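K.L.:
Just dropping this structure here.
The values are calculated or read from the model by the stated rules, or taken from the named source; none is laboratory data. Fair warning: this is a prediction, and the values are worked out from it, not measured in the lab. Using ideal geometry, Cβ is built from the backbone for each residue, glycine included, and neighbour counts are taken over all protein chains shown.
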Amino acid sequence: MLRAVLDANVYVSAAIHPGGPPGQIVERFLREASFGIVLSPAIAEEVLQALKYPKVRKLIRSAVDPELWFEDILMLADLAAGGLVLPRLCVDPDDDKYVAAAVEGGAAFVVTGDGQLLAVAEHEGVRILTPRAFLDLLQV
């Protein structure tokens, strides 16, 4: 099965705009299990923190409790231990955790809207794609 690590910005975008590519990706994961998500404790913590920001909470559709929504994802995802540390790859060293989780968890893709992370393009066989490119790949 295809496995991917999603950047925190993908989860936040999915919560705010469920009809956009990030929302469609998460929906396909939750409803169809058409691919697997790999998370690490550091990624889960970042997502939960981002979903609590007041500016994000204001934008999330009111019918959704973002923490419960993400908890559903956590329950279905594969958790990488988060112990792998890579040599610095990204301009922002905080982004390295996404590639490390993919390598550690056997994911082929990191999905992000972050231009600096996208600039890495590939590491140890892990491809870094935009949400649109990953969604297109799922629809093949």
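K.L.:
How many residues does region 17-31 contain that are out of contact with any strand residue (DSSP E or B) (no Cβ under 9 Å at 6 or more places or on another chain) and either among the hydrophobic types (A, V, I, L, M, F, W, C) or in a loop (DSSP other than H, G, I, E, B) (or both)?
P.N.:
Residues that pass the stated criteria total 5.
K.L.:
Return yes when Lys55 is in contact with a Ser or Thr (Cβ under 9 Å, 6 or more places away or on another chain), within 17 Å of Asn9 (Cα to Cα) and charged (D, E, K, R) and no when it is not.
P.N.:
no
K.L.:
Quick check: anything in region 97-104 loosely packed, with under 13 Cβ neighbours inside 10 Å and either at pLDDT below 95 or not acidic (Asp, Glu) (or both)?
P.N.:
no
K.L.:
Between residues in region 1-16 that are within 13 Å of Pro66 (Cα to Cα) and assigned to a helix (DSSP H, G or I) and residues that are basic (Lys, Arg) and modelled with pLDDT under 95, which pairs lie under 8 Å by C-beta distance while being six or more apart or on different chains?
P.N.:
Between residues of region 1-16 that are within 13 Å of Pro66 (Cα to Cα) and assigned to a helix (DSSP H, G or I) and residues that are basic (Lys, Arg) and modelled with pLDDT under 95, the close pairs are Ala15/Arg61; Ile16/Arg61.
K.L.:
How about region 1-60: which of its residues are within 24 Å of Asp94 (Cα to Cα), of a type in the set (Ser, Thr, Tyr) and surrounded by fewer than 20 Cβ atoms within 10 Å (Cβ to Cβ)?
P.N.:
If the condition is that a residue be within 24 Å of Asp94 (Cα to Cα), of a type in the set (Ser, Thr, Tyr) and surrounded by fewer than 20 Cβ atoms within 10 Å (Cβ to Cβ), then Tyr53 is the only one that fits.
K.L.:
Next question. Among the residues in region 67-74, are any over 13 Å from the mean Cα position of the chain (by Cα), over 18 Å from Asn9 (Cα atoms) and among the acidic types (Asp, Glu)?
P.N.:
no
K.L.:
Name the single residue, out of those in region 110-128 being under 16 Å from Ala14 (Cα atoms) and touching a strand residue (DSSP E or B) at 6+ places or on another chain (Cβ under 7 Å), that is surrounded by the fewest Cβ atoms within 10 Å (Cβ to Cβ).
P.N.:
Filtering region 110-128 for residues under 16 Å from Ala14 (Cα atoms) gives 110-114.
When the remaining residues are screened for being touching a strand residue (DSSP E or B) at 6+ places or on another chain (Cβ under 7 Å), the result is 110-112.
Working: Val110: 29, Val111: 30, Thr112: 24.
This residue is Thr112.
K.L.:
With the structure loaded, tell me whether Leu59 is over 15 Å from Leu6 (Cα atoms), hydrophobic (A, V, I, L, M, F, W, C) and in contact (Cβ under 8 Å) with a residue 40 or more places away in the chain or whether it fails that test.
P.N.:
Yes; evaluated as a whole, the condition is true for this residue.
K.L.:
Same structure, new question: Being in contact with a Cys (Cβ under 7 Å, 6 or more places away or on another chain), over 16 Å from Phe35 (Cβ atoms) and β-branched (Val, Ile, Thr) narrows it down to one residue among Val120, Val91, Val99; which is it?
P.N.:
Step by step, each of Val120, Val91, Val99 is checked, and only Val120 is in contact with a Cys (Cβ under 7 Å, 6 or more places away or on another chain), over 16 Å from Phe35 (Cβ atoms) and β-branched (Val, Ile, Thr).
K.L.:
Next question. Can you list the helices (runs of 4 or more DSSP H) lying wholly within region 32-140 that have 2 or more residues being over 25 Å from Gly19 (Cα atoms)?
P.N.:
On the way: elements: 41-52, 54-59, 66-76, 96-105, 115-118, 131-138.
Passing ranges, in order: 41-52, 96-105.
K.L.:
Moving on to the next point. Tell me which residues, restricted to region 79-96, are modelled with pLDDT of 80 or more and crowded, with 19+ Cβ neighbours inside 10 Å.
P.N.:
Listed by number, the residues that qualify are Ala80, Asp95, Asp96.
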